[in-house]
């Protein structure tokens, strides 16, 4: 036995950093998966569940191996392998995840998000965490000198692991991921584990396996090739790519527009048109809300945007409606910084770094228009989709005020949009919807004591911009009164992610029909030719 094993501090440090690394990998896993599968509770459940499976199996395997073959060299070889695997994640993980996603799209007809995220977790993250799961039972074997203090030793090892896990929970979220990104976070904790193993193998006169040198070489290569957080590796023209506490972020600049995306595979979060015109997206439809509330008729109009993004909607309102005062709420301050750096957010628009619902609970101000634009693909904050939330919104509207909600996953009967519209209808008397042309978004307008369709019709002559007038005329002609069906969501029960997942499955099935036909008729080569990022 190597002399270093007599140093209990080293053994407890091994336990401590193993626990820390497990939690760091778990948090890193959620960030690595988010650009492809969202950061919803469903994805978090899958991440936590698969990691707990890995740890449980590792505990069982480690205990049996320690009893049958109590060789510490084998434990530290497992730590060495885990370190290398974790170091390879930022180099190869995104390609593996994307490949699994593509495979699942063609092979799974229902619950795509669950199966794809589960397969990705099992492939990328389970094995190294299984190896780290063997640490605690193995160290218990090596540190226990007699049966009289076995409970104390097991308790001390458990405490070291737990303390490491606590620190490993906070450090990635608040320090390493915001400061240096997910990729370097994986490399940092890979390096810590590698150092532990190297110290062990370089101590004393025992064997110094060539695998240690190979592991060090692989780690150095990982540092050289895996230090960038380029999730959208097929894009070469990004103006900005980075991470915040809440999001993966990318800014893409084209000849006509500047676009912010917080998810590689699913659409646009904010957009700025370089000609300062309409966007052709849902923001244009939502411009009907200020007209309904009296823009151009009242001397001033106060507007609040919950989910400000980079300020697309607020900037449009200032341009088209003189006298409008816009206030924004955005939980991600990095997005607000990007709004000023890349999207020319007007200085007269104040943006509060706050959760939308928490902001309403903290202020008494009332507004003429409140836009709720906090829903993105499957990531819908349940606390901003309940009857209690919309009641809070109602209480912050002036008399004749208008609520507008961007619902971005239009689906069939009993979809998330029907639930959201029914929930709004439980609070507001007048509810209208209009589908956005060429996309999956649906805009909802709501008010009490105000005929929204008539208000919009009266406001059309006040549109001075011809392009805006054409857009508002289109909205007016397609506006439909909503008939509620009693599907009301509450703070206690709001299954927003499961409902959204059903819509996502429908969307994927519709989009993949073409590619399945290409694969059937032309084979894999034809499919690869037809796919263009």
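Where a number appears in this text, it was derived from the coordinates with a stated rule and is not lab data. Only a predicted model underlies this, so the values are computations on that prediction, with no experimental measurement involved. Don't worry about glycine lacking a Cβ; one is built from the backbone with ideal geometry, like all the others, and counts go over all protein chains shown.
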Compactness of the stretch 382-506 - radius of gyration and Dmax, Cα, Å:
15.1, 46
In deg cm²/dmol and to the nearest 500, what is the mean residue ellipticity at 222 nm of the chain if only DSSP H runs of at least 4 residues count, each as -39500 (n - 2.57), divided by the residue total?
-18500 deg cm²/dmol
Kindly provide log₁₀ I(q)/I(0) values, in the same order as q = 0.12, 0.13, 0.28 Å⁻¹, from the Debye equation applied to equal alpha-carbon scatterers of the stretch 66-130.
-0.43, -0.49, -1.13
Under a no-solvent Debye model with one identical scatterer per Cα of the stretch 166-221, what's log10 I(q)/I(0) at q = 0.16 Å⁻¹?
-0.59
Going out from 0 in 10 Å bins, what whole percent of all Cα-Cα distances in the stretch 3-225 drops into each bin?
8, 33, 35, 18, 6, 1
Once the Cα atoms of helix 72-107 and of the chain are each reduced to a long axis, what angle between those two axes, in degrees from 0 to 90 to the nearest 10, is obtained?
30
Just to be sure I understand the model, the point goes 7 Å from the Cα along the line to the Cβ. What's the resulting residue 491 to residue 465 distance in nm?
3.9
Cut-off is 10 Å between beta-carbons; in what order do 261, 21 appear when sorted fewest neighbours first?
261, 21
Compute the angle between helix 112-124 and the longest alpha-carbon principal axis of the chain, please, reported from 0 to 90 degrees and rounded to the nearest 10.
30
Any chance you could get the radius of gyration and Dmax over the Cα atoms of the stretch 302-399, in Å?
13.1, 37
For a label point 7 Å from the Cα of residue 239 along Cα→C-beta, name the residues of the stretch 316-350 whose backbone N is under 18 Å from it.
316, 334-347
Listing 163, 89 by rising number of other beta-carbon atoms within 10 angstrom, fewest first, gives 163, 89
Residues 17, 106 arranged by fewest to most Cβ contacts within 10 Å:
106, 17
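Using 0.36 nm per residue, how much length does the chain from residue 48 to residue 175 gain when fully extended, once their Cα-Cα distance is taken away?
Numbers: separation 127, 0.36 × 127 = 45.72 nm, distance 2.12 nm.
Taking 0.36 nm per residue and subtracting the Cα distance, the gain is 43.6 nm.
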Rounded tilt (10° steps) of 416-425 against the dominant C-alpha axis of the chain
50
Report the relative contact order of the chain, percent, no decimals, based on alpha-carbon pairs under 8 angstrom and at least 6 residues apart.
14
So the pair-distance distribution of the stretch 276-498, from every Cα-Cα distance in 5 Å bins, comes to percents of 1, 7, 16, 20, 22, 18, 11, 4, 1, 0
Translational D (Stokes-Einstein, µm²/s) of the chain at 20 °C and 1.002 mPa s when Rh comes from the Kirkwood sum over C-alpha pairs?
83
